[in-house]
Amino acid sequence: MNGQMKKNMLKVRKIRPELAYDLRHTILRPHQPFEACIYDADHDHDAFHVGAFYQDKLIGIASFYHENNPDFPFELQYRLRAMATMKEYRKLGAGRTAINFAENVIKEQGAVLLWCKGRTSVQEYYKKLGFETYGDVFDYPPIGPHIVMYKKIK
């Protein structure tokens, strides 16, 4: 099966936050307790979570929260947290498709900015998705070096 056919088998939809916890733990926080993957804002009324499915298997996740970063002068912002794709499925476009899906949801909410505290190890990936860096690299214990990244929603 060629790459385009595989990409066509990729489906993205909103999911319950609990569906994201296993991938958050396995991919993003494997050396921390499972409870570290449950965020206080997961059930906020304006938070939403996106799952990327390949052949009905959850392979990627991303969570979005109505949270303003005071460094940006926009009234309505969303924060991206815990975006991850299973390693063996990383060339299918799950992350890009999840971000595109979320941007449409965010735009419907009237938000004009999406931001995150991204690991520096994936900074170039976020740039490919249209994000720009802001400020200096900082340590995010116990995970490591991060940088704020943002994207204006059009």
Gain on full stretching of the segment that runs from Asp44 to Ser121 - 0.36 nm per residue minus C-alpha separation: 24.8 nm
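If contacts are Cα pairs under 8 angstrom and at least 6 residues apart, what is the relative contact order of the chain in percent? Could the numbers behind the result be given before it?
Details: 262 pairs, mean separation 29.3, N = 154.
Relative contact order here is 19 percent.
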Given the peptides 13-22, 137-146, 114-123, arrange them by the average over their residues of other C-beta atoms within 10 Å, most packed first. 114-123, 13-22, 137-146
Which residues does a label at Phe72 reach in the range 93-117, if reach means a backbone N under 11 Å from a point 7 Å past the Cα toward the Cβ? 111-117
Evaluate the Kirkwood expression for the hydrodynamic radius of the chain, namely the inverse of the mean inverse distance over all pairs of different C-alpha atoms, and round to one decimal in Å. 15.9 Å
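Considering only protein heavy atoms and a 1.4 Å probe, what is the carbon-and-sulfur percentage of the accessible area of the range 32-149? Working shown, then result.
Working: 3040 of 6210 Å².
The C+S portion of the solvent-accessible surface of the range 32-149 is 49 percent.
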Quick check: residue separation of Asn104 and Thr133 times 0.36 nm, minus the Cα distance between them. What number comes out in nm? 8.3 nm
If packing is taken as the mean number of other Cβ atoms within 10 Å per residue, what is the order of 48-55, 66-73, highest first? 48-55, 66-73
Note to self: C-alpha centroids of the range 32-60 and the range 75-97 sit apart, in Å, by 11 Å
With the 8 Å Cα cutoff and a minimum separation of six or more residues, the range 13-79 has a relative contact order in percent of 28 percent
Distance between modelled label sites at Lys11 and Lys91, nm, 7 Å Cα→Cβ extension: 2.5 nm
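The values are calculated or read from the model by the stated rules, or taken from the named source; none is laboratory data. Just so it is clear, the model here is predicted, and its values are computed rather than measured. We place every Cβ from the backbone using ideal geometry, glycine too, and count neighbours over all the protein chains shown. Note: areas computed on protein heavy atoms with side chains; ligands, DNA, RNA excluded. Shrake-Rupley method; radii C 1.70, N 1.55, O 1.52, S 1.80 Å.
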